[in-house]
Amino acid sequence: LVLRVLQAVFEQGRSSRTTRAKEKVNLHHSSCHGQITWNVLPPDLHHEFETEFAAAVVHLTERERVAEDAESDLQGLKKTGLMKERTGQTFQGLITGVQSYGFFVEIEVRPPESELLRVEGLVHVSSLKDDWYEYRSRQQTLVGRKNRNQYRLGDRVEVQVKSVDYYRQQIDLVAVGGGSQAFDDDD
């Protein structure tokens, strides 16, 4: 498309504002840069190129989104594949999100001969067998009714990889240790 525009400028471009103007610019040379203050191409050709560029931009933006999604999926599959091999292993992690159904933990894993990867998994509330946990949305916390143990945003926890669903890119974790102690004023 750019080559077609350049070809049109060289073949049909106006080298001066009007046909009667004595001073002209050489459209084939870089010396014309900054000297042109008029539409170089005929109006119909100019509008045709504008339409083609607008359509190309929409198409290229869509293709870029598809490529970004594919790259993200590939990263997710790489992470879940790595964690599937590590089912049963224990890791230290950081709680990055708390919901009524559980909390998300980010762990750092170093694959062989590769840079450090940050992998996020879910500790489902049903896997917390030591107590009944209540969700407190304002504090972003799950608090045990009896033992007053809590899991808050930012707490460090020790987790074990329970299972990995490769195609859904889901990593299920089980809390082994960590969290913090809730006090009565935390209510």
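Does residue 74 satisfy the criteria of being within 18 Å of residue 111 (Cα to Cα), at pLDDT 90 or above, assigned to a helix (DSSP H, G or I) and among the aliphatic types (A, V, I, L, M)? Yes; evaluated as a whole, the condition is true for this residue. Every condition in (1) closer than 17 Å to residue 172 by Cβ; (2) in a strand (DSSP E or B); (3) free of Cβ contacts under 8 Å to residues at least 24 places away in the same chain holds for residue 108 except the one numbered (1). Taking segment 157-187 as the range and being within 13 Å of residue 95 (Cα to Cα) and under 29 Å from the mean Cα position of the chain (by Cα) as the test, the residues that pass are 157, 158, 159, 173, 174, 175, 179.
Filtered by the rule that a residue be under 28 Å from the mean Cα position of the chain (by Cα) and surrounded by fewer than 17 Cβ atoms within 10 Å (Cβ to Cβ), segment 136-156 gives 137, 138, 139, 140, 153, 154, 156.
Among the candidates 16, 31, which residue alone is surrounded by 10 or more Cβ atoms within 10 Å (Cβ to Cβ) and more than 30 Å from residue 108 (Cβ to Cβ)? After ruling out the rest, the residue left standing is 16. For residue 3, the criteria (1) surrounded by 14 or more Cβ atoms within 10 Å (Cβ to Cβ); (2) out of contact with any His (no Cβ under 9 Å at 6 or more places or on another chain) hold in every case but one, which is (1).
The values are calculated or read from the model by the stated rules, or taken from the named source; none is laboratory data. Since the model is a prediction, treat every value here as computed from it, not as a measurement. In this analysis, Cβ positions are derived from the backbone assuming ideal geometry, glycine residues included, and neighbour counts consider all displayed protein chains.
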